1. Can you report the number of residues in the stretch 119-136 which are over 23 Å from the mean Cα position of the chain (by Cα) and either crowded, with 21+ Cβ neighbours inside 10 Å or at pLDDT below 95 (or both)?
2. When you look at residue 243, is it surrounded by 15 or more Cβ atoms within 10 Å (Cβ to Cβ), in a loop (DSSP other than H, G, I, E, B) and modelled with pLDDT of 75 or more, yes or no?
3. Taking the stretch 247-274 as the search range and keeping residues that are assigned to a helix (DSSP H, G or I) and of a type in the set (Asp, Glu), which one is farthest from residue 365 (Cα to Cα)?
4. I'd like the full set of residues that are among the hydrophobic types (A, V, I, L, M, F, W, C) and closer than 18 Å to residue 253 by Cβ, limited to the stretch 205-223.
5. Of everything in the stretch 212-238, what is hydroxyl-bearing (Ser, Thr, Tyr) and in a loop (DSSP other than H, G, I, E, B)? Give them in sequence order.
6. Among the residues of the stretch 203-211, is any part of a helix (DSSP H, G or I), farther than 30 Å from residue 124 by Cα and free of Cβ contacts under 8 Å to residues at least 60 places away in the same chain?
7. Would you check which residues across the stretch 88-110 are touching a helix residue (DSSP H, G or I) at 6+ places or on another chain (Cβ under 7 Å) and modelled with pLDDT under 80 and list them?
8. Just to confirm my filter: which strands (runs of 3 or more DSSP E) fall fully inside the stretch 24-139 and include at least 1 residues that are in the same structural domain as residue 158 (by TED's automatic domain parsing)?
Amino acid sequence: MTSLLKVRGMLPANLSSLIATLIACIALLGTLDCRAERLKDIAGIQGVRQNQLMGYGLVVGLDGSGDQTTQTPFTVQSIISMMQQMGVSIPVGTSLQLKNVAAVMVTASLPPFSQPGQTLDITVSSMGNAKSLKGGTLLMTPLKGADNQIYAMAQGNVLVGGVGASANGSKAQVNHLSVGKISGGATVERAVPTTLGQGSVIQLELNNSDFSTASRVVEAINKKFGADTAAALDGRVIQVRAPQVNDQRVSFLGSLESLEVTPAPAAAKIILNARTGSIVMNQTVSLENCAVAHGNLSIVINTDNASSQPNALSQGQTTNTANSSISITKEGGQLLSLKASANLAEVVKALNSIGATPQDLLAILQAMKASGALRADLEII
């Protein structure tokens with residue numbers, strides 16, 4: 001160690017700094033593939049979940065862009081029912097022409113541990129043929145859960161992010177005008193009961209089922225909180241012993257969520273979108289030795305329309321003719337030998353080297369998978 005320090009002392013200052021920088025970079029590269037994540041990012045606590053809410057309501061105050069009542073009778077029925085509840089009687093057979101009203105569906109998500117009085121963001125979506133909800137006001141709408149119980153009440157001014165204009169048959173529109181949001185537009189009226197504070201154990205659920213990750217989570221929990229604190233029931237559910245006193249349990253869960261765990265590498269997978277030609281691979285995709293030939297055959301047909309005029313006083317008729325020319329071009333096929341690679345960057349580089357487009361890659365990857373050269377699962381969406 002003494003001799004090493006003496007040698008470093010003899011190096012120029014800039015060279016010594018360069019060596020230190022290289023050592024730091026090597027250490028950083030060594031840790032890129034072993035990045036630890038918080039337990040709260042890869043798993044959740046069973047019973048701690050959000051609940052979906054939904055309701056039917058009316059948006060009023062539109063500038064003539066509401067539902068056409070002749071095609072949406074439920075809008076008229078809703079207006080008549082609402083007016084009767086408010087003590088206004090509408091004679092039977094009255095034809096209502098409402099242009100400033102739209103029937104909508106209101107949706108929201110009720111977060112876990114929500115208490116009465118808290119506010120929720122809601123989404124308002126037209127269910128009729130309203131042209132726009134811009135400038136409208138949502139009337140008081142009850143939001144119900146899957147058990148048909150009311151958990152929140154919604155009301156407020158609808159904010160639409162789009163804009164549109166039309167005149168003389170021409171129309172321009174940016175984004176959707178039939179969907180809007182109301183920030184804090186719903187008030188929680190009922191809390192959802194939770195079983196988090198009951199029993200002596202809690203259960204963690206991994207976001208993605210993986211036996212290796214489950215084993216690593218159990219090992220990390222037992223290392224920090226003591227042996228036999230956690231046990232894996234399967235590749236997704238992990239049972240954890242927790243304090244039964246509420247305040248101690250909350251503190252324990254806070255420490256548990258902050259625990260850092262290195263998840264196991266994900267299974268090699270490639271997602272192919274046949275409609276758009278997009279391809280997404282994860283970093284564990286690998287390629288065996290194989291050879292790929294790539295070439296394109298293009299056929300171009302050009303047609304020129306011409307007219308044949310007869311000579312004067314020849315009593316002939318003008319005829320239209322079509323002159324077509326066909327050309328076939330075949331690019332030279334290229335046979336490329338791809339060496340075995342163990343990471344995503346080398347796979348992408350090898351495929352791009354043959355000039356393949358995303359649509360070509362769809363067929364190439366399928367052929368590689370069929371030949372056994374591609375080590376990944378293909379999913380076509």
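1. Qualifying residue count, the stretch 119-136: 10.
2. no
3. 247
4. Passing the criteria: 206, 217, 218, 220, 221.
5. 229
6. Yes, because at least one residue in the stretch 203-211 is part of a helix (DSSP H, G or I), farther than 30 Å from residue 124 by Cα and free of Cβ contacts under 8 Å to residues at least 60 places away in the same chain.
7. 96
8. 51-60, 102-110, 119-126
The values are calculated or read from the model by the stated rules, or taken from the named source; none is laboratory data. All values derive from a computational prediction rather than experimental measurement. Counting neighbours? That spans all protein chains shown, and the Cβs are built from the backbone with ideal geometry, glycine included.
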